[in-house]
Amino acid sequence: PPFHLAFPVRDLESSRWFYGELLGCAEGRSSDRWIDFDFHGHQIVAHMVDRSGDDDPGDEDPDANAVDGHEVPVPHFGLVLEWSAWHDLADRLKAAEVGFVIEPYLRFEGLPGEQATMFLLDPSGNALEFKAFKDPTRLFAT
């Protein structure tokens, strides 16, 4: 079944552009405080938050875990895409000159969990990962 994720944003218009225009997510219901997006069949909701000082999202570096020689931001969310869709998205993000936290690359090369992956931040500093497996049955391979 589809999942639902609500996350904080600082600005609805930049979120509307990032998720709607750049990532191609259809917009659903919205108000002056939140926007629903169709995140490949899942419902994500960008909620405007009023924060100041140290609680402002994006003010500090996110926590990270070392994975395959990279610092993976935690928390993060994202999608497992089909191989060609992942490459299409990577090309679109590069053409838009999006700054990556981790540039698109092949992770765990030659191992059962081999995957293409990339990490980026939305305009509010929320970390996203997009990945793909040449063999989708290897998603949970050990």
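The values are calculated or read from the model by the stated rules, or taken from the named source; none is laboratory data. Everything quoted here is computed from the prediction, not taken from an experiment. Don't worry about glycine lacking a Cβ; one is built from the backbone with ideal geometry, like all the others, and counts go over all protein chains shown. Calculation scope for accessible area: heavy atoms of the full protein, side chains included, ligands and nucleic acids excluded. Shrake-Rupley method; radii C 1.70, N 1.55, O 1.52, S 1.80 Å.
Some values worked out for this structure:
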| item | result |
| --- | --- |
| Looking only at the stretch 67-97, and only at residues there that are farther than 17 Å from Cys25 by Cα and part of a strand (DSSP E or B), the one that is most open to solvent (accessible area, probe 1.4 Å) | Glu71 |
| Filter result (over 18 Å from Ala66 (Cα atoms) and modelled with pLDDT of 95 or more) within the stretch 100-123 | Asp122, Pro123 |
| Among the candidates Phe140, Phe100, residue that is free of Cβ contacts under 8 Å to residues at least 40 places away in the same chain and exposed (fewer than 14 other Cβ atoms within 10 Å of the Cβ) | Phe140 |
| Residue list for the stretch 105-124, restricted to those being open to solvent by less than 30 Å² (accessible area, probe 1.4 Å) and not polar (S, T, N, Q) | Arg107, Gly113, Ala116, Met118, Phe119, Leu120, Asp122 |
| Test result for Glu129, in a loop (DSSP other than H, G, I, E, B) and within 19 Å of Ser15 (Cα to Cα) | no |
| Enumeration of residues in the stretch 6-43 that are more than 26 Å from Lys94 (Cα to Cα) and either surrounded by fewer than 11 Cβ atoms within 10 Å (Cβ to Cβ) or in contact with a Pro (Cβ under 8 Å, 6 or more places away or on another chain) (or both) | Arg29, Ser31, Asp32 |
| For Ala66: the one exception among (1) modelled with pLDDT of 95 or more; (2) closer than 21 Å to Glu109 by Cβ; (3) of a type in the set (A, V, I, L, M, F, W, C) | (1) |
| Every pair of residues 6+ apart whose Cβ atoms lie under 8 Å, when the first sits in the stretch 67-85 and is free of Cβ contacts under 8 Å to residues at least 60 places away in the same chain while the second is surrounded by fewer than 16 Cβ atoms within 10 Å (Cβ to Cβ) and polar (S, T, N, Q) | Glu71/Asn65; Val72/Asn65; Val74/Asn65 |
| Odd one out for Leu128, checked against (1) surrounded by fewer than 19 Cβ atoms within 10 Å (Cβ to Cβ); (2) touching an Asp or Glu at 6+ places or on another chain (Cβ under 7 Å); (3) not polar (S, T, N, Q) | (1) |
| Members of the stretch 1-17 that are in a strand (DSSP E or B) and under 14 Å from the mean Cα position of the chain (by Cα) | Leu5, Ala6, Phe7, Pro8, Val9 |
